[in-house]
Every structure is written in structure tokens, then in C-alpha cells.
Amino acid sequence: MAEHTETVYASDSWARNYTYTTLVETVRGASLTSQEKYNFTYQRGEFFATNSSDVYMRFSKPAKYKKKRIRKLSLYAYITATSASSSGTFQNGGFVHHYGLTATGYLFWSPTPEASTLPSLAKNQYQHMGNKTNFPDINQEYVDVTPNVITGYFGSPYTGNKYTANASMTMHSHTGTNRPYAIFTYEDVVPEVRDCAPKSGFVNEKASTVFRWKFYANQNYVQQPVKQQGYQFRWRVTGQSSYKESTVTSTSESHTVPAGTFPEKGSIDWCVRVQSDDGIWSEWSSWFTLTTTDSLSVPAQLRPNLGYVDGNQPQIFSWKHVIETGTAQSKFEIQYRTAGEDWETLWTGEGTVQETLLLQNTLPSGKGFWRVRTGNSDGVLGGWSEEASIIVRASPPEPVIGQLNAAPRPLIRWQAQDQQGYQVRIGEIDSLEQYGTEKEWYCPVYLADGSYQVSVRVQNEFGLWSPWASAQFTVQNRGTGRIVLSGRTVGKEIMLSWNTSGTFLGFLVKRDGRVIASTKDTTYFDRMCGGLHQYELIGQIEGGHYVSSGVLTKVFSMRDAALSGWDGREWILFSVRRDGAPVHKLVSEAQIGYQQYYGYDLPVAEISKSQIRRHQLAFSLQDSRTLTSLQALVGHKVIYKDQWGSCFAGILESLTVDYKNNADISFIIMEAEQEKENEE
């Protein structure tokens, strides 16, 4: 550590005189006197100071060393006179008179006697008055020193004895012929490097890296703060002796290394030293070792998770790239599986975006699981995330139509996934919505010759339909024979009968274009008639061919209302209602379900094609036998028809009876589909 010296003459000086520790005057002149006077009788430690004076000298600090640390100030004063006297008897010891740069003012201070005591001080010449090494006022531009005489004793005085001690010293002031001067000794403030970062861990060689530190300099006894004006930065590949160095003039306590500087998948060492604005370099910091091999990531916070997903809409799958080093994601891989199946890769991608858009119809319907893993800055894929579970509500895929014969009553077969129901259409013929996993359908009617399109769709467990699958075929009927159909009204029904020529396997009875019965008899009673109907009889022949009777038109009408059990032959008649007209009200209700999906703010309405239809009816009965028969039908399927043309089948849900002169009744019938006809 280098030292610097500078001689400075006093710029100011003065003396302060005290009596009883009270300042009485400040004296300035060509000469100044420092004196101590004591006159006291010793009483177990008491003393009495009669008067004293302190001499001060002020020296301005050298401007060129404002950033150096003051180590020592040596004072030299021109002494013109000294005197010392004392009286009093001691048990042992005695008074001592000497000089220094600190005036204590306390009699009982007993310094170790020095060689240069006051009596030995040479006159009319410069004398070294002492050294100052404590400089608390570091921000002041000057230093005050006090070249004062000091009087004290060492030993044991006698209690009750009187003691006196007087000493004085006179010197030239800053206005005298021989001015006081001081030799300032300075030393360099050597800076330090502290709080380097990063000291360990990972450094991403693919991105710019900032290395940081703190500049430190001890500012004690420095007139102006010492700051950084530059630094040197070094780095090397771990294990090598050669290094690369950058010398930078800057006050910044950081250094940036551009991306692509460090080697991949290895390690490097770095260190730094700083230079103060006084040109002094610090020692080098320690070498710090960093790895350029990135850690592996394990993603978290998967979305969607534990919820429903609409598989018929695009879906955003997102995650959080979690890695110890905080580096960005470079790639990702998503896997998916259904319950009991193995994982399959669903999607891969490049980049830092932590989400991906899966197109509609990508995920199969049902419960599934997905997971993701991401790549670090080195492009290395990390561990798989924990699996997220979802329930996908998506339409099943389009079925594949397989076997298709071209008979007038064709048999349709298909292949399908996730089927829980199906629907088949041929021209205007619709199977309606059928529930089941069977994958074949026998057309209930015979088709006329010509070209047809058959369409099939399937429904999954969530009630969602697949797209329609279609195929074309041509029908050519080869049936032979003859059927003559006739009909007449019998009570509340229409009786159909027919004569045939030829060989038939059976007959299908059609009302208004719809098959209502399959039979091998030659008669059929239609109990669901009401109004104008068109009947046709189809004779079934080997190979799916047929003979038609042609269309027979019949009209059925009533003068009152009637109700019968589905399997019974007895009809219960209704005609009047006491105190008013008979009542018939119909209440129709749609079946609507609401489902909340991931990513939707509001639930989605799922509207079923089927409806609930309730009929509320009210009449009056005249005899108990009729009421008994009606009560026996509660909870059973019944047929109702009336003179207004209503005719429907359903469940007699409830019956209410008000017994008065006649039985006033009200009942509710819930409409229900008729059973499937048996098909051969």
C-alpha cells in the first residue's frame, strides 16, 4: 500500500482561556501561549483548576489527496518560551510537565513520562509537537490540532496538603515569523470486490448473462468518497489455465456476456476485480464455477383437469414449465390415454408457448388422462407431469356401413365406436332414435322399386350423435301373388280382413304408411283408429320380397269418449261432466339438460327430441261398475279416443274421484310409445 506525504502550513490559529472551566476569551496574535495552573488542597481526590488555556491550529487538507486515507499528521511549531514549577510533598512520586496534541484538563491524569518533557523543549526553533492519528471529521476540508502543555502527577499525595502546579509554552502562530506546519501522511484506499453473483449454479449459454458485484472502499478518514471507475472481468473453461479477459471503464457494477459465448453442456469459472476513481486496483475475487448444463423440467398446473371438455370444439391445453434454473421452454410433448389403455403421443411442438390448441374431434369421448413434458434450454425433455383427468363429451366418429342387400325390405349392417344408440334412414323411412349396441337394422316396411340412399348415425353414452354415414342402393321387388283387403267398423275399432292367392310367410299391417302390426292371421283389429286412415297390407315372401294389397281408405268416428286397457277389449265410455263440459287439457314439456364445460362461462343446453305429453281429463260417471273398471287401469297402459278426433296411448298415472250425486272424476294420462312390432 503506497504512502504519500505533503507539508502544509497552518491557515489559522488561536488560544482559548478558561477560568473554572468557563471560556473567558479567545486570543489571536503572532504568538500564542498554552498554560495550565493548579492550586488545590488534596481531599481524597478533589482538585481545583484555577485557569487554563488551549491552543488550536488549523491545517487545510491537500486537495490532491482527497481520495486518500489520512494516516498521520505530524505537527511542528516554533517554540519561543517554556516554564514549569510545582510545590507540595508526596508520599512518593511527583509532578510531571510535558506537552502533546491532547489537553485533558484533568490533574490526576498520570501519563507515562516521556523523554521530550516540557523542560527539555528547545527554544527559538521548530519542535516536533506530536502526531495525530484519529481523524473523525472525514468530510471537513481541514484538521484542527491542539499543541498544549500538560501538567499532572504520579504517585501518592498527602491528604490535607496544598499543592500547586504551573506550566506554560509559547509558540509562533500562523501570523508569526515562523509559521507552524504539519506533515500529512496519506495511504491509498484499496477497494474490494464483494457480493459477487452468481457464485454457483447454472448459466444459460444461449442467452446473455449478467455478472454482478458490489464495489467497496473504506471511507474512513477520506475527504471525498472513493468510487468505481472501471473493472476487469475474466472467465475460463473449468480445468483450463488460459482465460479471456475484458477491461472496461465503467461505474456499472455488472458485466454482460453475450449469448453464445460460453460452451454448451460444460462449466466455466469467472472472477472480477475493480479499479477506484483514484486509480487503485482491488485484489481479484475468488474464482466462481458455473455449469452450462441446464437442469430438467417437470411441468405442473395442467389445464383442463378434473372437469368436462367439449370434444366437438377446439380446446386449449395449458401447463406451467417448471425448472430450477428458470430457463425458457424449448419444446413440449403431450400424451393421452383412455382408462385401461397405454399412453400415446397426441401432440408435439417447439417454442416457449406453454399451451396448445387441440382441434375439434381430436379426443375420443369418455374419461381420459393427459400429461406433458417440456424441453430445457439444451433441448432435452424433462420428466412427465402428473396426469390430469378429464371427461370428454364428444360426438362418436362416423360409422362405416357394411353389408347392404338390395331387397325391398333391406337388412342394414354397420361398424361403429362408442355406440349406445343408433338411427337409420332410408328415404322418408326413419327408424327414429333406437337405444342399443346392435349394429344391424331390418327395414320395417317394404320399399318400392327404385334407387335409395341409406343413412346411419350412432349415439354415445353422453347422448351425442355422430355424423351421418350414407350409401346408395337399388331395390327391385320380385314378389308374386295377390291380396284383397277389406275393412269395416266394429264397435270402437276397425276390423281389417283379407283374401290371398300365393304363398306368404306373414303379413305386415300398415296404417298411414307406418307398420302397426305383424301377423300370420287373415284379420286384424285396429284399436288406435280415429278419423281418416289409409291401410295397406304387405305380404311377405322369401328373400325379402313382397306383395302389396294396395291402399284402403277408412273413416272412423265416435259420438263420445272412450278408454280401454292396452291389452283389453272392454271400452269405458265418457259422455258428460256435471256442472260443465268435459275437460281435456294437454301439457307438453321439452326435456332439457345443462352441462358445464371447461373453457365455457355459461352451461350448454342439451335439448332432447323427445317430449313429455300429459293429458288432463275430467268427466262424470253414472254407475260404480264403470268406476271400478277405471280404477283397475291406474298404473297401466291405456288407449284413449274421443269424438274430437283425439286418439293416443299412454300410462294412466292418476285418478281423482269426487263422490256426489254422480262420480266426478279427473285423471292424467302420460303418453308413451307403442311397443315395437314383431318383425320376421
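The values are calculated or read from the model by the stated rules, or taken from the named source; none is laboratory data. Since we're looking at a predicted model, the values are computed, not measured. Reconstructed Cβ throughout: ideal geometry from the backbone, glycine too, with neighbour counts over all protein chains shown. When the accessible area is computed, the model is the full protein with side chains, heavy atoms only, and any ligands, DNA or RNA have been set aside. Shrake-Rupley method; radii C 1.70, N 1.55, O 1.52, S 1.80 Å.
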(request) Output the number of residues of the stretch 414-439 satisfying the condition of being within 53 Å of the chain's Cα centre (by Cα), at pLDDT below 90 and in a strand (DSSP E or B). (result) 3
(request) Exactly one condition in (1) open to solvent by 10 Å² or more (accessible area, probe 1.4 Å); (2) among the β-branched types (Val, Ile, Thr); (3) farther than 30 Å from Tyr442 by Cα is not met by Ile401; state its number. (result) (3)
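Conditions tested, residue by residue: (1) out of contact with any strand residue (DSSP E or B) (no Cβ under 9 Å at 6 or more places or on another chain); (2) farther than 30 Å from Met57 by Cβ; (3) assigned to a loop (DSSP other than H, G, I, E, B).
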{"residue": "Gln229", "(1), (2), (3)": "no, yes, no"}
{"residue": "Phe233", "(1), (2), (3)": "no, yes, no"}
{"residue": "Pro263", "(1), (2), (3)": "no, yes, yes"}
{"residue": "Cys271", "(1), (2), (3)": "no, yes, no"}
{"residue": "Asp278", "(1), (2), (3)": "no, no, yes"}
{"residue": "Glu283", "(1), (2), (3)": "no, yes, yes"}
{"residue": "Leu290", "(1), (2), (3)": "no, yes, no"}
(request) Filter the stretch 487-511 down to residues that are surrounded by 15 or more Cβ atoms within 10 Å (Cβ to Cβ), outside any strand (DSSP E or B) and touching a Gly at 6+ places or on another chain (Cβ under 8 Å), then give me how many there are. (result) 1
(request) Keeping to the stretch 288-305, report how many residues are under 13 Å from Lys199 (Cα atoms) and either without any contact (Cβ under 8 Å) to a residue 24 or more places away in the chain or of a type in the set (Val, Ile, Thr) (or both). (result) 2
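Would you check which residues across the stretch 166-194 are β-branched (Val, Ile, Thr) and either under 18 Å from Gly130 (Cα atoms) or open to solvent by 50 Å² or more (accessible area, probe 1.4 Å) (or both) and list them?
Going through the stretch 166-194, the residues β-branched (Val, Ile, Thr) turn out to be 170, 175, 177, 183, 185, 189-190, 193.
Residues satisfying the conditions are Thr170, Thr175, Thr177, Ile183, Thr185, Val190.
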(request) Restricting attention to the stretch 307-356, report how many residues are part of a loop (DSSP other than H, G, I, E, B), hydrophobic (A, V, I, L, M, F, W, C) and farther than 25 Å from Gln417 by Cβ. (result) 4
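I'm checking my understanding of the structure. Among residues of the stretch 533-546 that are open to solvent by less than 20 Å² (accessible area, probe 1.4 Å) and under 14 Å from Arg409 (Cα atoms), which one is modelled with the lowest pLDDT? First the steps, then the outcome.
Of all residues in the stretch 533-546, those open to solvent by less than 20 Å² (accessible area, probe 1.4 Å) come to 533, 535, 537-540, 544.
Subsequent filtering for residues that are under 14 Å from Arg409 (Cα atoms) retains 538-540, 544.
Values: Ile538: 90, Gly539: 90, Gln540: 90, Gly544: 81.
Residue satisfying both the conditions and the ranking: Gly544.
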(message) Given the options Val274, Val309, name the one that is under 25 Å from Lys66 (Cβ atoms), in contact (Cβ under 8 Å) with a residue 60 or more places away in the chain, out of contact with any helix residue (DSSP H, G or I) (no Cβ under 9 Å at 6 or more places or on another chain) and of a type outside the set (Phe, Trp, Tyr).
(response) Val274
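Any residue in the stretch 254-263 that is under 27 Å from Thr133 (Cβ atoms) and more than 33 Å from the chain's Cα centre (by Cα)? Working first, answer last.
Applying the first criterion (under 27 Å from Thr133 (Cβ atoms)) to the stretch 254-263 yields none.
No, the stretch 254-263 has no match at all.
Please go through the stretch 519-532 and give me each residue that is in a strand (DSSP E or B) and crowded, with 18+ Cβ neighbours inside 10 Å, ordered by number. Reasoning before the result, please.
Step one: of the stretch 519-532, the residues in a strand (DSSP E or B) are 519, 523-526, 531-532.
Of everything in the stretch 519-532, those that are in a strand (DSSP E or B) and crowded, with 18+ Cβ neighbours inside 10 Å turn out to be Tyr524, Asp526.
Which strands (runs of 3 or more DSSP E) does the stretch 567-633 wholly contain that include 1 or more residues that are closer than 30 Å to Leu432 by Cβ, open to solvent by less than 60 Å² (accessible area, probe 1.4 Å) and modelled with pLDDT under 75? It would help to see each step written out before you state the result.
Values: elements: 571-574, 583-595, 604-621.
The qualifying strands (runs of 3 or more DSSP E) are 583-595, 604-621.
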(message) I'm trying to understand the selection: among the residues of the stretch 286-309, which are under 30 Å from Gly260 (Cα atoms) and open to solvent by 20 Å² or more (accessible area, probe 1.4 Å)?
(response) Ser286, Trp287, Phe288, Thr289, Thr291, Thr293, Ser295, Leu296, Val298, Ala300
